[in-house]
Amino acid sequence: MLRRRTIALASGVLLMLVGIAGGMYWNEARKEVIYLCGNFSEGVGLDSVRRQLDTGTFLRYAEHPTTAGKRIVVDSHLTRGIYRCVIDLDRSNRVIRAASSHSP
């Protein structure tokens, strides 16, 4: 009986520690998306955008052509796309707009 309690308690503590660690990684991924998005002001070049995005530990991004130029969508697999940054570039590969968003 005591052994079962000990196992249950140890399992509960382990589960709690895994949850805390997971939450910490999730928060770091969220901060990467939001804070890096703030670096992309109007006129920043595509090479600079890519270079900064490549420094992210938890980031993933995709580039899509648009009629005005290009759109880069940035998020993290850890936040399951809840936090994202959308960067619009003109035909000269210069940032027109960068905005982060949160979708519940």
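Only the coordinates and a few stated rules stand behind these numbers; no lab work does. All values reported here derive from a predicted model rather than from experimental measurement. Every residue, glycine among them, receives a Cβ derived from its backbone with ideal geometry; neighbour counts consider all protein chains shown.
I need to check one value: relative contact order of the chain, counting alpha carbon pairs closer than 8 Å and at least 6 residues apart, in percent. Don't jump to the answer; show the numbers that get you there.
Values: 155 pairs, mean separation 27.3, N = 104.
Relative contact order comes out at 26 percent.
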Checklist entry - Taking only Cα atoms, what is the 0 to 90° angle, nearest 10, from helix 2-37's long axis to the longest principal axis of the chain? => result 10
Item to check | Under 14 Å, Cβ to Cβ, from residue 47 - net charge with Lys/Arg +1 and Asp/Glu -1 | outcome: +2
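Report the local net charge at residue 82: Lys and Arg +1, Asp and Glu -1, summed over other residues whose C-beta lies under 15 Å from its C-beta. Intermediate results must be reported in sequence, preceding the final value.
Values: positive: 30, 31, 60, 80, 84; negative: 28, 32, 75.
Result for the local shell: +2.
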Item to check | Lys, Arg +1 and Asp, Glu -1 on Cβ, resulting dipole of the chain about Cα centre, debye, nearest 20 | outcome: 520
Checklist entry - Hey, can you rank 29-36, 64-71, 77-84 by average C-beta count inside 10 Å, highest first? => result 29-36, 77-84, 64-71
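For the chain, what is the calculated [θ] at 222 nm in deg cm²/dmol (nearest 500), taking -39500 (n - 2.57) for each run of four or more DSSP H residues and dividing by its residue count? Could the numbers behind the result be given before it?
Details: 2 runs with 44 residues, N = 104.
After summing the helix terms and dividing by residue count, I get -15000 deg cm²/dmol.
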Checklist entry - Taking the Cα-to-Cβ direction at residue 35 and at residue 55 and moving 7 Å from each Cα, how far apart do the two end points lie in nm? => result 1.0
Item to check | Highest-MSF residue in the chain out of 74, 13, 44 [GNM, Cα springs under 10 Å] | outcome: 13
